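Participant: Below is one structure. I have some questions about it.
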Amino acid sequence: MKKHEKKSGRAIPTRLNILFLCVFLLFSAMIIQLGKVQIFDGETYKNEVEKRENATVSLSVPRGKIFDREGNPVVDNTSLRTITYTKMKGVKPEDILKTARQLADIIEMPQEDIAKLTETDKKDFWMQLNPKLAENLVSKKEIDTFREKDISGKKLDKKIEELKRKRVTDKNLQELTEKDIKVLAIKSKMTSGYQMAPQIIKKDVSEKEFTIISESLANLPGVDVSVDWERVYVNDGLFRSVLGNVSNSDEGLPSERLDYYLVRDYSRNDRVGKSYIEQQYEDVLHGTKKEVRSIADKQGNTIRTEIVSEGKSGKNLTLTIDMELQKKVEESIEKILKTYKGSEFMLDRAFVVMMNPKNGQVLSMAGKRLVEKDGKTEVEDYALGTMTSSYELGSTVKGATVLTGFETKAITPGTYFYDTPMKFKGTKEKKSWKEFGNIDDLRALQVSSNVYMFHTALKIAGVDYVKNSSLNIKQEYFDKMRYYFRQFGLGVPTGIDLPNETAGQIGKKDNQPGFLLDYSIGQYDTYTPLQLVQYISTIANGGYRMKPQIVQEVREQTSQKDEIGKVVHAVEPIVLNKIDMKEEYINRVKEGFRKVFQEGDGTGVRAFQKASYKPAGKTGTAQTVYGGESDIGRNEKGERRECYNLTLAGYAPYDNPEVAFSVVVPWVINDKSGINSDIGKEVLDAYFELKNKRLTGETIKIDSSQEG
C-alpha cells in the first residue's frame with residue numbers, strides 16, 4: 001500500500017513536466033509564427049492592408065511647350081479649372097449615381113457632352129432609375145428558355161440585359177427629365193475612365209462652380225478639383241498640319257499604339273501626341289506624372305491625401321522653323337495661288353521648302369491647297385504635302401543628270417552636243433523647248449536643254465544616237481542613274497525627323513528604253529518638294545547630303561510663361577552621305593546654276609537677275625497629266641487632262657550659300673506662266689529682308705524688279 005502511494009506521488013511532477021513542456025512548445029510555436037508573420041510576411045500583410053485602405057493615383061503634368069528658332073511660342077498650354085472623378089475600389093453603382101446627382105445640382109454640363117449621349121446610354125440609365133419596371137421587361141419563362149439552351153452565367157446576364165434594353169420604349173425615354181439627362185452626362189464621364197485613374201468630368205468650370213465644389217469635397221467621394229492644361233496653337237493655322245495634334249482624355253491612347261504606351265506606364269486615358277511633331281517627340285513632351293496617395297476608411301471615404309512624387313512637366317522643344325518667315329512664305333503662296341487660279345482651272349496647290357544647306361535645318365516648310373466648300377474657295381494648310389506627296393519635277397534635276405554624266409565618264413566638263421530634235425523609230429520627236437545648236441554643259445543648264453540631257457543619258461547607257469533607229473537600253477542603266485540620283489536624296493527618304501515621309505515613286509515598271517531619256521529631264525520618277533531642297537542643298541554645300549531637321553533643341557520647362565528654359569540637348573547636324581563626285585564637277589554644275597539665274601537668257605533671269613543676294617539655281621517644267629481627285633482634271637471621256645508641273649530650286653548667295661529653297665506648283669495649263677519663279681522670288685526676298693531687319697532693326701526692301 002505504501003509502495004503504491006509513493007509511486008503515485010512521483011507521477012504528479014512528471015505530468016506537470018509534460019504539461020510545462022507542451023506549454024513551452026506551444027508558446028515557442030506561437031513565437032516562431034509571430035516572428036514569421038512580422039519578419040518574413042509582414043510586408044505582404046502590410047501591402048494587403050494598404051490595398052484596402054490606400055490608393056495611389058497618377059495625375060497628368062503640363063505638356064512641354066514648342067518654340068520657334070527665335071524663341072517665339074508656337075504651341076503653349078492654357079490653364080483650365082477642372083473637376084475630376086477617381087473611381088475607387090469597391091464603389092457601387094448607386095454610390096456613383098448619388099455623387100452624380102450631387103454634382104448636377106452644382107455644375108452645368110456643356111451641350112456637346114449632352115449631345116454625345118446615345119440611345120443605349122439613355123435606355124441603360126432608365127433601367128437603373130426604374131429597376132422594378134426593368135425587371136419585368138423579361139419574363140421568367142424567357143429566362144428559362146435561355147437556360148434550356150445551355151445559356152448561363154455572364155452570358156445569360158448579357159442576353160437578359162440586351163432583351164431588356166430592346167424593350168425600353170421611346171415613351172419610357174420621354175420620362176427622363178432635363179435634370180436626369182444632366183445626371184446621366186455626368187455619370188457617363190465618371191464611369192468612362194479606368195479604376196484609380198482621374199477622369200475629367202468638366203473642363204473650364206466657372207469660378208463659382210469651382211469654389212462650391214472645393215468646399216463640398218468632403219461630401220463628394222472620389223471628386224476633386226484641379227488646374228488642368230489644354231493645348232493652344234498660338235499662330236492659328238500657321239504650320240498647323242506639321243505640328244500635329246494631341247488626343248483628349250476621352251480619346252486617350254490610340255488603339256493602334258495601345259501596347260506601346262501601356263508598357264511605358266501610360267494610363268489608358270492619358271493624352272498623347274497623335275501625329276507629326278506632337279507624336280514624334282511624345283517622349284520628350286510628355287513629362288513624368290505626379291503621384292498622390294489617397295488614404296480611405298473601410299467605407300471608401302477619403303480621409304487624407306499625400307504626395308508620393310511631385311512629377312515633372314514635359315520638356316520644351318525649339319524648332320528650326322522661323323515662324324515669322326513661315327508666315328511670309330504662306331502668305332506669298334496663298335496670294336499667288338489666288339492670283340493665278342482665275343486662268344488656271346486645275347491649279348489647286350503649291351509648296352515651298354527653305355533649308356540651311358550647311359546644317360540641314362528646315363527654316364520654312366509650307367504648302368497650301370485650294371478647296372471648294374459650299375460654293376466658296378477656301379485655303380487649307382498642306383505643309384505636310386512637302387514630304388507626303390510627290391510629283392515629276394522636270395528640269396530642276398538636270399544638275400544630277402550632268403553630274404552623273406561626269407562621274408560615269410559619259411561626258412566631261414566642256415563636252416558639246418548639237419541641240420536639234422531627235423527622232424527614234426516609232427516615237428514622236430524628242431526635243432528642247434527651242435533649238436540651241438552646238439552647246440556645252442554650262443549652256444545646257446543655263447537654257448535648260450532637253451536634247452543635251454538625252455545625249456548624256458544615251459552616253460551613260462553606251463548608246464550612240466542614230467536618227468530613226470530603235471533604242472536598246474538595259475535595265476542596269478536605269479539602276480545606274482538612280483544610284484547617283486539617290487546620292488542627292490532623289491528617290492530615297494530624306495531622313496527628316498517626322499513620320500510618314502514618302503520616298504516618291506519609280507516610273508512605269510515596264511522600263512522601255514525611251515523612258516531613260518524622260519528620266520534624265522525629270523519626267524519619269526516622282527519626288528517630293530523636300531527631296532528637291534535636299535538635292536539642291538547637296539550641290540550648294542559641295543556634295544554633303546544633310547539630314548533635314550525640324551527640331552533644334554530640347555530645353556527644360558520653366559515656371560515663366562514665355563521662357564524656353566536651359567538647353568538639355570542640342571541636335572547636331574547629320575551628314576547622311578558624301579556624293580561620289582569630284583569637287584570640280586560639282587563646281588562646274590554650280591556655275592551652270594549661277595548662269596541660270598544671273599546671265600543672259602538663263603531661264604531664271606527674268607525673276608532673279610537684279611536680286612542683290614546673288615542666287616543660283618534651276619527652273620523646271622514637267623509635262624504630265626492631272627493627278628488630283630477632282631473631276632475638273634478629266635475630259636469628257638474621263639481621261640486625265642495633260643498639264644505641267646512648274647518647279648524651281650536654288651540657293652543664295654551662290655558663292656556662300658546660307659539658304660536653299662524648292663518650289664513645286666503642280667497641274668498648270670500655261671507652262672510659261674512663271675508662277676514658280678514668282679513664288680520663289682517672293683520667298684527668297686522675304687528671307688533676306690527679314691535677315692536685314694534683324695541685323696539693322698530696319699526693314700530694307702529687296703529690289704524685286706524683274707527683267708522682261
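Throughout, read-outs are computed from the coordinates displayed, never taken from laboratory work. Everything numeric here is computed off the predicted structure, so don't read it as measured data. All Cβ positions, glycine included, derive from the backbone under ideal geometry; neighbour counts span all protein chains shown.
Participant: Which is farthest toward the positive dipole end of the chain among V451, F210, L695, measuring Cα position about the Cα centre, with Cβ charges +1 (Lys, Arg) and -1 (Asp, Glu)?
Facilitator: Checking the options against the dipole of the chain, the answer is F210.
Participant: Packing-wise, with mean Cβ within 10 Å as the measure, how do 602-613, 423-434 rank, highest first?
Facilitator: Sorting 602-613, 423-434 by mean packing, highest first, produces 602-613, 423-434.
Participant: Oh, and also: Can you give the calculated 222 nm mean residue ellipticity of the chain, where each DSSP H run of n ≥ 4 adds -39,500 (n - 2.57) and the sum is split over every residue, rounded to the nearest 500 deg cm²/dmol? Don't jump to the answer; show the numbers that get you there.
Facilitator: Details: 26 runs with 273 residues, N = 708.
That calculation yields -11500 deg cm²/dmol at 222 nm.
Participant: Let me ask you something else. So what's Rg/Rh here for the stretch 414-525, counting alpha carbon atoms and using the Kirkwood radius for Rh?
Facilitator: 1.01
Participant: Would you grab the residues whose amide H sits under 5 Å from the one on Q552? Only those 5+ places off in sequence or on another chain, please, with H modelled 1.01 Å from N.
Facilitator: T318, L319, T320
Participant: Further question: Using a simple spin-label model with points 7 Å from Cα along the Cα→Cβ vector, what separation in nm is obtained for I106 and N587?
Facilitator: Distance between the two pseudo-spin positions: 7.8 nm.
Participant: Quick one: which of 458-468, 379-389 comes out on top by average Cβ neighbours within 10 Å, and what's the full order, highest first?
Facilitator: Order by mean packing, descending: 379-389, 458-468.
Participant: Rounded to whole Å and sorted largest first, list the principal axis extents of the Cα atoms in the chain.
Facilitator: Computed over the chain, the largest-to-smallest principal extents equal 148, 78, 65 Å.
Participant: In the stretch 88-192, if the dipole is taken from +1 on Lys/Arg beta carbons and -1 on Asp/Glu beta carbons about the Cα centre, which of L184, Q111, F146 is farthest to the positive end?
Facilitator: F146
Participant: For the chain, give the magnitude of the charge dipole about the Cα centre (Cβ charges: +1 Lys/Arg, -1 Asp/Glu; no others), in debye to the nearest 20.
Facilitator: I would put it at about 2820 debye.
Participant: For the stretch 88-192, report the % of Cα-Cα distances exceeding 18 Å.
Facilitator: 55
Participant: Could you give the length gained by full extension between V379 and D150, i.e. 0.36 nm per residue of separation minus their alpha carbon distance, to one decimal place?
Facilitator: Gain on extension, V379 to D150, equals 76.3 nm.
Participant: Counting other beta carbons within 10 Å of each residue's own, what order do M481, M109 fall into, fewest first?
Facilitator: Ordered from fewest to most neighbouring Cβ atoms within 10 Å, M481, M109 come out as M109, M481.
Participant: Also: Mind listing the phi-derived Karplus ³J(HN,Hα) values for the stretch 344-354, rounded to whole Hz, using 6.51, -1.76 and 1.60 with θ = phi - 60°, and x for any glycine or proline?
Facilitator: In residue order, the calculated couplings are 10, 6, 8, 5, 8, 7, 7, 9, 9, 10, 10 Hz.
Participant: Hey, another quick one. Around R482, what is the net charge, scoring Lys/Arg as +1 and Asp/Glu as -1 over all other residues with Cβ under 11 Å from its Cβ?
Facilitator: Taking every other residue near R482 into account, the sum is -1.
Participant: For the ranges 282-288, 691-697, what's the packing order if you count other beta-carbon atoms within 10 Å of each residue, average per peptide, and put the highest first?
Facilitator: Put in order of decreasing packing, that is 282-288, 691-697.
Participant: Show me, for the stretch 67-84, the HN-Hα J-couplings you get by feeding each phi into the Karplus relation (A = 6.51, B = -1.76, C = 1.60, θ = phi - 60°), rounded to Hz, glycine and proline as x.
Facilitator: In residue order, the calculated couplings are 10, 8, 5, 8, x, 7, x, 10, 10, 10, 10, 10, 7, 10, 5, 9, 10, 10 Hz.
Participant: Work out the charge dipole of the chain with +1 on the Cβ of Lys and Arg and -1 on the Cβ of Asp and Glu about the Cα centre, then indicate which of Y519, L97, V402 is farthest towards its positive end.
Facilitator: Selected residue: L97.
Participant: Which value, in Å³ per residue, describes the convex hull spanned by the Cα atoms of the stretch 226-362?
Facilitator: 192
Participant: Using the Karplus equation 6.51 cos²θ - 1.76 cosθ + 1.60 (θ = phi - 60°), what ³J(HN,Hα) coupling, rounded to whole Hz, does each residue of the stretch 425-441 give in order, writing x for Gly and Pro?
Facilitator: Values, residue by residue: 4, x, 10, 6, 4, 10, 8, 7, 5, 7, 7, 10, x, 7, 9, 9, 5 Hz.
Participant: Within the set of other residues whose C-beta is less than 10 Å from the C-beta of K202, count the net charge using Lys and Arg as +1 and Asp and Glu as -1.
Facilitator: Once positives and negatives cancel, what remains is -1.
Participant: May I pose another question? Amide H neighbours of F424 under 5 Å, counting only residues 5+ apart in sequence or on other chains, H built in-plane at 1.01 Å?
Facilitator: K430, N468
Participant: Which net charge results when you count Lys and Arg as +1 and Asp and Glu as -1 among the other residues whose beta-carbon is under 13 Å from that of Y382? Mind showing how you got there, number by number?
Facilitator: On the way: positive: R240, R349, K368, R369; negative: E330, E334, D348, E378, E380, D381.
Charge balance near Y382 sits at -2.
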